[in-house]
Protein chains: 2
Amino acid sequence: MAEEFKRIKRELVAKGHILDYYHDTMLIPNGHVAVWDFIQHNGAAAIVPVRSDGKILMVRQYRNALDRDTIEIPAGGLNPGEPTDAAALRELEEETGYRCERAEFLISIRTTAAYSNEKIDIYLARDLIPGHQHLDEDEYINVEAYSVEELKKMIYQGTLQDAKTVAAVMAYAVKYGK
Amino acid sequence: MAEEFKRIKRELVAKGHILDYYHDTMLIPNGHVAVWDFIQHNGAAAIVPVRSDGKILMVRQYRNALDRDTIEIPAGGLNPGEPTDAAALRELEEETGYRCERAEFLISIRTTAAYSNEKIDIYLARDLIPGHQHLDEDEYINVEAYSVEELKKMIYQGTLQDAKTVAAVMAYAVKYGK
């Protein structure tokens with residue numbers, strides 16, 4: 001199907017802090033010309049940190065876009081040239097104060113295929129080792145631990161909605177029968 | 001934690017087709033002033049259509065942001081004032097040609113809490129009734145059916161990455177032991 005749509009022009013509208021916003025002029029197969037939104041994002045990595053007691057470490061932080069706190073798995077944008085498994089392990093230690101020798105691949109997601117190319121590679125971390133939390137200077141995070149059952153309940157009740165976290169927790173539960 | 005951050009200004013940078021892009025000027029608890037991205041989105045609804053044989057209907061379409069076809073559950077933006085369950089049932093019939101009397105709530109997701117307020121309410125549809133597909137004039141969609149096992153495999157292999165679809169399929173599998 002892909003060959004039927006043609007992008008005529010990609011025009012930068014604004015450069016942002018963590019994304020760039022474009023207008024794409026598209027030739028639709030029916031001959032129409034339409035202007036579509038496109039968000040360029042450099043990609044991110046996230047990690048499901050599983051403690052030896054089976055509980056999962058989550059980070060609570062203020063999210064301006066939702067104007068409230070959220071509970072999410074540790075995650076962050078990639079540094080230039082950084083592989084996603086390294087980024088996931090880096091964010092794990094920076095945000096939670098725990099480190100891990102090896103990130104095990106779980107799933108990849110595209111957060112909003114309708115208008116953004118953002119990809120998040122999500123890993124699992126087990127055998128956590130105490131390390132040192134070191135947050136970015138504008139970052140304020142509390143670390144909390146929840147059982148998989150608690151997280152499932154929060155997801156079905158709608159109190160945990162972050163898409164990468166929902167996808168990751170459920171994918172972990174299905175893969176490992178939790 | 002929420003009271004420690006203060007939004008000083010929200011400035012419209014550009015109006016888009018399905019989103020508006022803003023720069024938010026934030027006062028960080030440490031006294032810093034930072035400009036953050038904010039994407040305003042009016043919300044969407046999606047639905048997991050389960051056939052009587054247990055297979056799930058998926059839509060294949062070209063996604064400009066990824067420059068390739070994707071496989072996703074039926075979904076779309078809300079019309080003004082439209083409840084999300086009505087939107088989910090409307091998109092089901094428009095995109096797949098099947099309708100359903102009742103949408104059963106499954107989960108809600110926030111696609112990108114880091115910079116957007118987009119919320120997708122995701123429902124289940126069972127007891128599908130043949131209806132009439134009627135796509136938007138710039139919409140080109142193929143309908144395909146997959147078993148839950150096939151979808152899980154595609155998700156773990158990384159060939160199905162759409163976040164709402166990953167979250168929805170896994171949440172359905174966990175809730176109903178599929």
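Over the heavy atoms of residue A:51, what accessible area does a 1.4 Å probe trace out, to the nearest 10 Å²?
Probe radius 1.4 Å; accessible area of residue A:51 about 80 Å².
Please list, in chain and number order, the residues 5+ apart from residue B:106 or on another chain whose amide H is under 5 Å from its amide H, with Hs placed from the backbone.
B:122, B:123, B:124
Please say if the protein assembly as shown is rounded, prolate or oblate, where rounded means a/c under 1.5 for a ≥ b ≥ c the square roots of the C-alpha gyration tensor eigenvalues, and otherwise the choice is prolate for a/b larger than b/c and oblate otherwise?
Cα axes put the protein assembly as shown in the oblate bin.
If each Cα of segment A:49-146 is one equal point scatterer, what is log10 of I(q)/I(0) from the Debye formula at q = 0.10, 0.13, 0.21, 0.23 Å⁻¹?
Scattering profile of segment A:49-146, log10 relative to I(0): -0.27, -0.47, -1.20, -1.37.
Show me, for segment B:111-125, the HN-Hα J-couplings you get by feeding each phi into the Karplus relation (A = 6.51, B = -1.76, C = 1.60, θ = phi - 60°), rounded to Hz, glycine and proline as x.
Rounded to whole hertz, the list is 5, 8, 4, 5, 8, 9, 9, 4, 10, 10, 8, 10, 10, 10, 10.
Return the ratio Rg/(2.2 N^0.38 Å) for chain B, where Rg is computed over Cα atoms only.
Normalised Cα radius of gyration, chain B: 1.17.
Starting from segment A:78-178, pick out the GluC sites (Glu not before Pro) whose DSSP state is loop and whose Cβ has at most 13 other Cβ atoms within 10 Å.
A:101, A:137
Below 29 Å, Cα to Cα, which lysines can residue B:153 reach? Residues fewer than 8 away in the same chain don't count.
Cross-link targets: A:55, A:119, A:152, A:153, A:164, A:175, A:178, B:55, B:119, B:164, B:175, B:178.
Give me the distance between the Cα centres of segment A:1-41 and segment A:49-72, rounded to whole Å.
Each part's Cα centre sits 33 Å from the other's.
Using bins 5 angstrom wide from zero, how does P(r) for segment B:3-47 break down, in % of all Cα pairs?
Values per bin, smallest distances first: 5, 21, 22, 17, 14, 11, 7, 3, 1.
5 Å is the cut-off here: which amide hydrogens, built 1.01 Å from N in the peptide plane, fall below it relative to residue B:18, excluding neighbours closer than 5 in sequence?
For residue B:18, the qualifying residues are A:37.
First select every other residue whose beta carbon is under 15 angstrom from the beta carbon of residue A:14; then total the charges, Lys and Arg +1, Asp and Glu -1.
Cβ neighbours under 15 Å give a net charge of -4.
Averaged across the residues of A:150-159, what count of C-beta atoms belonging to other chains lies within 10 Å of each residue's C-beta?
Average neighbour count from other chains, rounded to a whole number: 3.
Got the residue A:101 label distances to the other copies yet, label 7 Å along Cα→Cβ, in nm, shortest first?
5.9
Taking beta carbons within 10 Å but only from partner chains, what does the mean come to for residues A:65-72?
The shielding value for this peptide is 5.
Convert each backbone phi in segment A:85-102 into a coupling constant with the Karplus relation 6.51 cos²θ - 1.76 cosθ + 1.60 (shift: θ = phi - 60°), then list the ³J(HN,Hα) values in order as whole Hz, x for Gly and Pro.
Karplus values, whole Hz, x for Gly and Pro: 5, 5, 5, 5, 5, 5, 5, 3, 6, 4, 8, 10, x, 10, 10, 8, 6, 8.
What 222 nm value per residue comes from the helices of chain A, counting each DSSP H run with n ≥ 4 as -39,500 (n - 2.57) and dividing by all residues, nearest 500 deg cm²/dmol?
That calculation yields -6500 deg cm²/dmol at 222 nm.
In whole Hz, with x marking every Gly and Pro, tabulate ³J(HN,Hα) for segment B:146-161 from phi via Karplus 6.51 cos²θ - 1.76 cosθ + 1.60, θ = phi - 60°.
Values per residue, Gly and Pro as x: 9, 6, 4, 4, 4, 5, 4, 4, 4, 5, 6, 7, x, 8, 10, 10 Hz.
Starting from a label point 7 Å past Cα on the Cβ side, list the distances from residue B:20 to the same position in the other copies, nm, shortest first.
When each copy's label point is compared with this one, the spacings are 2.5 nm.
Report, for residue B:134, each distance to the same residue's label point in the other copies, shortest first and in nm; define the point 7 Å along Cα→Cβ.
The answer, with the shortest distance listed first, is 6.1 nm.
Please list the non-local residues whose amide H lies under 5 Å from the amide H of residue B:98, H modeled 1.01 Å from N, same-chain partners needing a gap of 5 or more.
Correct list: B:131.
Could you check what % of the DSSP bridge pairs in the protein assembly as shown are antiparallel, to the nearest 5?
85 percent
Of all the residues in chain A, which one has the C-beta that comes nearest the axis relating A to B, and what is the distance in Å?
Nearest Cβ to that rotation axis, in whole Å: A:170, 2.
Can you pull the Rg over Rh of segment B:90-178, Cα-only, Kirkwood?
A ratio of 0.97.
Given the protein chains as shown and a 1.4 Å probe, how many square angstrom of residue B:67 are accessible, to the nearest 10?
90 Å²
Can you tally the net charge around residue B:152? Count Lys and Arg as +1, Asp and Glu as -1, for every other residue whose Cβ sits under 11 Å from the Cβ of residue B:152.
It works out to a net charge of +1.
Based on alpha-carbon positions alone, could you give the equivalent ellipsoid semi-axes of segment A:31-92 from the gyration tensor, as √(5λ), descending, whole Å?
Gyration-tensor ellipsoid for segment A:31-92: 30, 18, 11 Å.
Counting Lys +1, Arg +1, Asp -1, Glu -1, what net charge surrounds residue A:143 among other residues with beta carbon under 10 Å of its beta carbon?
-1
Just to make sure I understand: if all protein chains stay in place, what is the order of B:110, B:68, B:102 by accessible area at 1.4 Å, largest first?
Order by accessible area, largest first: B:102, B:68, B:110.
Of B:134, A:23, which has the most accessible area and how do the rest follow, probe 1.4 Å?
B:134, A:23
The values are calculated or read from the model by the stated rules, or taken from the named source; none is laboratory data. Source: prediction; values computed, not measured. Cβ atoms come from the backbone with ideal geometry, glycine included; neighbour counts cover every protein chain shown. For the accessible areas, the whole protein counts, side chains as well, though only heavy atoms, and no ligand, DNA or RNA atoms are used. Shrake-Rupley method; radii C 1.70, N 1.55, O 1.52, S 1.80 Å.
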